[in-house]
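Visitor: This is the structure, below, for whatever I ask next.
The values are calculated or read from the model by the stated rules, or taken from the named source; none is laboratory data. Just so we're clear, the structure is a prediction, and the values are computed from it rather than from any experiment. So basically every Cβ, Gly included, is an ideal-geometry build from the backbone, and we count neighbours across all protein chains shown. Ligands, DNA and RNA are stripped out before the accessible areas are found, and what is left, the full protein with its side chains, is counted by its heavy atoms. Shrake-Rupley method; radii C 1.70, N 1.55, O 1.52, S 1.80 Å.
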Amino acid sequence: MKELKIDVTLSTEKKQKPSFDNLEFGKHFTDHMFIWNYTEGKGWHDARIIPYQPIMLDPAATVFHYGQTVFEGMKAYLTKDEQVLLFRPEENMKRLNRSNDRLCMPKLDEEGALSALKQLIQIDRDWIPSGEGTSLYIRPFMIATEAFLGVHPAKTYQFIIILSPVGAYYKEGINPVKIAVESEYVRAVAGGTGNAKTAGNYAASLKASEIAEQNGYSQVLWLDGRENQYIEEVGSMNVFFKINGEVITPELNGSILEGITRKSIIELLNYMNIPLVERRISIHEIQQAYQDGVLEEAFGTGTAAVISPIGELLWKNEKMVVNNGEIGSLSQQLYDTLTGIQNGTKEDPFGWSARI
Ligand SMILES: *Cc1c(COP(=O)(O)O)cnc(C)c1O
């Protein structure tokens, strides 16, 4: 892989590190950050690693007004023998460029961005926690920086990478969550930006999540924006159901985010010879399966939690308790296998782990 030439300015004062025993998600950031500028007609320039600091932007920058921005989320793990592993990082860079395309943002040199990420992690390597379930969360993102109030793609951008040490998602073991099926608000519609990792989707999702939380549910299950009956995602995770021995996940339809954990779980299920289908599935079908006693397991998938079992689904006034509110054996097995591959404690027959 070609190495990106980066100008490095090291921080003179190292930050006080938080205790790695009880890290909150996304709260602490490492000593350095990566920035790469883009100017129309010139391309990407001024790749640099600098001390972590606020960025200065013109108040008229496009990102503030029209949300022209995309992001990614991935993790680095420290193995027992002090190796640093990334999980399928090239998939994140590819997806970033798909999001860029949807938002009319410039294409990123994927190899260059990956090289920058690796150099940044090397510099802040002592920020990678080593405890069970911990990792270094990586947030690459791109913002439109041109000072111009016209609704038009900007001519200048910044690509930035920041790093944050994170703790085990489940402090007291992996715990099923209660999910409310959302029947008023929608996350995305066909033809919209649902399959791009762009800020507006998350801003639009906050209201429903807030109401669900007030009612004692940790997230919402999103239905499609047209007929309000087909299942899309759960919170900001993809979703899987095990019904009568078969695993079903909604097919990619343009409004669902194409999760890398989703893709990996599908490949893992195929490898394990467990029946898996990607197809449209309605909430009525879930309700019927529940009433017939064949809704065996349900879980969300995403980088942050990896697998998040669903213990209860609330649809209108019906509470559907899945697997007695306990984690199912398949969910547990998938969680153990995938996290084992990610942190280097299990064999990786797929070549998913990339050593830095
Ligand atoms: C990031 C994200 C996911 C999960 O993607 P992973 O690549 O598995 O982390 C699912 N849904 C939404 C809306 C997301 O933003």
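Visitor: Length gain on complete extension for the stretch Arg98 to Phe20, per 0.36 nm per residue less the alpha carbon to alpha carbon distance? Mind dumping the intermediate values first?
Guide: Numbers: separation 78, 0.36 × 78 = 28.08 nm, distance 3.45 nm.
Length gained, Arg98 through Phe20: 24.6 nm.
Visitor: Name the helices (complete DSSP H segments) of the chain with a Cα length along the long axis of 24 Å or more and a Kyte-Doolittle mean of at least -1.0, or state none. Numbers along the way, then the final one.
Guide: Numbers: long enough: none.
Helices passing the filter in the chain: none found.
Visitor: Which pairs, out of Lys118/Lys263; Lys94/Lys197; Lys75/Lys263, put more than 20 Å between their alpha-carbon atoms?
Guide: Working: Lys118/Lys263 23 Å; Lys94/Lys197 12 Å; Lys75/Lys263 16 Å.
Among Lys118/Lys263; Lys94/Lys197; Lys75/Lys263, the Cα-Cα distance tops 20 Å for Lys118/Lys263.
Visitor: How do 57-66, 307-316 rank on mean C-beta neighbours within 10 Å, highest first?
Guide: Working: 57-66: 15.9, 307-316: 21.5.
In decreasing order of mean packing, 57-66, 307-316 become 307-316, 57-66.
Visitor: Need the full-extension length gain, Glu82 to Met272, defined as separation in residues times 0.36 nm minus the C-alpha distance. One decimal, nm.
Guide: On the way: separation 190, 0.36 × 190 = 68.40 nm, distance 2.97 nm.
Result for the pair: 65.4 nm of gain on full extension.
Visitor: Say each of Lys155 and Val294 gets a label point 7 Å from the Cα, pointing the same way as Cα to Cβ; how far apart are those two points in nm?
Guide: Distance between label points: 6.1 nm.
Visitor: Now, a different point. Express the C-alpha Rg of the stretch 7-166 as a ratio against the empirical globular expectation 2.2 N^0.38 Å, rounded to two decimals. Please list the in-between numbers first.
Guide: On the way: Rg = 16.2 Å, N = 160, 2.2 N^0.38 = 15.1 Å.
Computed over Cα atoms of the stretch 7-166, the ratio equals 1.07.
Visitor: If you take the beta carbon distance between Leu10 and Asp336 as r and set R0 to 45 Å, what does 1/(1 + (r/R0)^6) give as a FRET efficiency, to the nearest 0.05? Walk me through the numbers on the way to the answer.
Guide: Working: r = 39 Å, r/R0 = 0.87.
It comes out at approximately 0.70.
Visitor: Could you work out the relative contact order of the chain, using alpha carbon pairs under 8 angstrom and six or more residues apart, expressed as a whole percent? Let's see the in-between values first.
Guide: Values: 731 pairs, mean separation 63.7, N = 356.
Worked out over the chain, it gives 18 percent.
Visitor: Can I ask one more? Return the Rg/Rh ratio of the stretch 177-340 with Cα-based radii and a Kirkwood Rh. Please list the in-between numbers first.
Guide: Numbers: Rg = 14.6 Å, Rh = 15.7 Å.
Rg/Rh: 0.93.
Visitor: Once you have the alpha carbon radius of gyration of the chain, what is it after dividing by 2.2 N^0.38 Å, with N set to its residue count? List each step's numbers first, then the result.
Guide: On the way: Rg = 20.8 Å, N = 356, 2.2 N^0.38 = 20.5 Å.
Scaled against compact globular proteins, the figure is 1.01.
Visitor: Could you state the accessible area per residue of the chain in Å², with a 1.4 Å probe and every protein chain left in place? Kindly include the intermediate steps, with their values, before the conclusion.
Guide: Values: 16490 Å² over 356 residues.
I get 46 Å² per residue for the chain.
Visitor: Order these peptides, 10-21, 29-40, by their mean beta-carbon neighbour count within 10 angstrom, highest first.
Guide: Numbers: 10-21: 11.2, 29-40: 19.2.
Output ranking for 10-21, 29-40: 29-40, 10-21.
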